[in-house]
1. Please tell me if Ser317 is of a type in the set (Ser, Thr, Tyr), more than 18 Å from the chain's Cα centre (by Cα), over 25 Å from Phe247 (Cβ atoms) and modelled with pLDDT of 85 or more.
2. For the stretch 170-189, check the following and say yes or no: at least one residue is over 20 Å from Met218 (Cβ atoms) and in contact (Cβ under 8 Å) with a residue 60 or more places away in the chain.
3. Filter the helices (runs of 4 or more DSSP H) completely within the stretch 60-131 down to those with at least 3 residues that are in contact (Cβ under 8 Å) with a residue 24 or more places away in the chain.
4. Examine the stretch 250-260 for a residue that is at negative phi, at pLDDT below 80 and surrounded by fewer than 20 Cβ atoms within 10 Å (Cβ to Cβ), and state whether such a residue exists.
5. If the requirement is being modelled with pLDDT of 80 or more, of a type in the set (A, V, I, L, M, F, W, C) and within 27 Å of the chain's Cα centre (by Cα), which of these qualifies: Ala162, Ala187?
6. Just to verify a result, which residue in the stretch 324-365, among those that are part of a helix (DSSP H, G or I) and hydroxyl-bearing (Ser, Thr, Tyr), is surrounded by the fewest Cβ atoms within 10 Å (Cβ to Cβ)?
7. Considering the stretch 198-218 alone, what residues qualify as being surrounded by 15 or more Cβ atoms within 10 Å (Cβ to Cβ), without any contact (Cβ under 8 Å) to a residue 60 or more places away in the chain and either small (Gly, Ala, Ser) or closer than 18 Å to Asp151 by Cβ (or both)?
8. Going through Ser180, Ser200 one at a time, which residue ends up being over 32 Å from the mean Cα position of the chain (by Cα), in a loop (DSSP other than H, G, I, E, B) and modelled with pLDDT of 75 or more?
Amino acid sequence: MKTIEKYVFGSFLSSFALAFLVLTFVLTIGLMVQIVGFILSGLPMKLVGDFALVSFPETLQWTMPLALLVSSVLVFSRMSADSEIAAMRACGVNLISVMKWPLAFALACSLAGMYINNEIVPRGHELRRSLKAKVSVDTGLDVLEPGRVIDDFPKMKIYFGAKEGNWLYDLVVIDYSNPSVDRMITASKALVESRGRDISLDLYNMTVDPLDEDHPAMARANRFQYLVKDALKESSYRKKEKDLRFFELRNAIRFLEGKIVETRGDSKAKGVEKKLLKRDCCDLKVELSKRFVFAMASFCFVLVGIPLGIKAQRKESTIGMAIALGISLGYYLIVILMLSFHKTYQLHPEFLIWSAVLLCFALASRLIPKNL
């Protein structure tokens, strides 16, 4: 490595390290606040540690690409503003040789991101959801968040708007414990306790619809003690798409593709069954492509960020930050837009999602020759 290459790459690495630390801190503030809340509420430290261990690695799929983008734009825009790029050109230095080490480091980060997205992050999803399914209700409610439907318990679904300890507010429960009838229970507030494998709900201003299989009408009460039997009986967790690691996801795709081929030659197979198989297979392919596209963001951001930084010709860091923000927003907005087609398998969204990567390569192919 030549002296000038060491200088540029050293500046790039130091800027990357600083940006990575700052972004990691910013993106994990919410998680740290949540962990502190668990500790203050008396959650066992082992459970807190397990939750933190599986949650922190997920931030790497965002912090690494963004830190690389920020460092590439800021370092090369500063060098351009200080006329260092012009001096390199005057001395006959090929800027490709200066760019190759940051690009090589970005490629290594992309490879690391592929491993993180396909092995570590899915394992974190699985562990966190399994954790919610296996813990008792007293401990589990500390892990569960308000404002969303919680289906981690096999015999019931829960929604609550706010929580203070074991007090839940604006509670809605769908009870599946009775095989003869499903009940919807609402209450302005409820005290939740566990009794072995059962869940006890001390409900205030409650309604239950229906009361039971013999009384199909809605019932109301100012206060009512409701027991959901065997709500925690099953502790097993059925893996979802995000929980499947690379080889598991690939095997699932191959299995569904085989089933689709079988239905083509089966005249008895229903059209609905074929559509469901294709849709499920498409969902798995989209999930796999999404992981690689997010990992490729590291390389794409540096590939586009370096020539844009050189072209900026401004010394102010705010211009560089604005460029970095625009690139990252554009990249992820394209990915999100293509992900919205995941239910329309006829459009092959597993290929459309790669359009963000292709656009970055196309943009770099125009910018880099102009800045050599």
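1. Against the criterion (of a type in the set (Ser, Thr, Tyr), more than 18 Å from the chain's Cα centre (by Cα), over 25 Å from Phe247 (Cβ atoms) and modelled with pLDDT of 85 or more), Ser317 does not qualify.
2. Within the stretch 170-189 (the criterion being over 20 Å from Met218 (Cβ atoms) and in contact (Cβ under 8 Å) with a residue 60 or more places away in the chain), the answer is no, since none of the residues qualifies.
3. Where helices (runs of 4 or more DSSP H) fall fully within the stretch 60-131 and carry at least 3 residues being in contact (Cβ under 8 Å) with a residue 24 or more places away in the chain, they are 60-81, 95-115.
4. Yes, the stretch 250-260 has at least one match.
5. Going through Ala162, Ala187 in turn, the sole match is Ala162.
6. If we take residues in the stretch 324-365 being part of a helix (DSSP H, G or I) and hydroxyl-bearing (Ser, Thr, Tyr), then Ser365 is surrounded by the fewest Cβ atoms within 10 Å (Cβ to Cβ).
7. Ser200, Leu201
8. Result of the check over Ser180, Ser200: Ser180.
The values are calculated or read from the model by the stated rules, or taken from the named source; none is laboratory data. This one's a predicted model, so the numbers in the text were calculated from it and none came from an experiment. Using ideal geometry, Cβ is built from the backbone for each residue, glycine included, and neighbour counts are taken over all protein chains shown.
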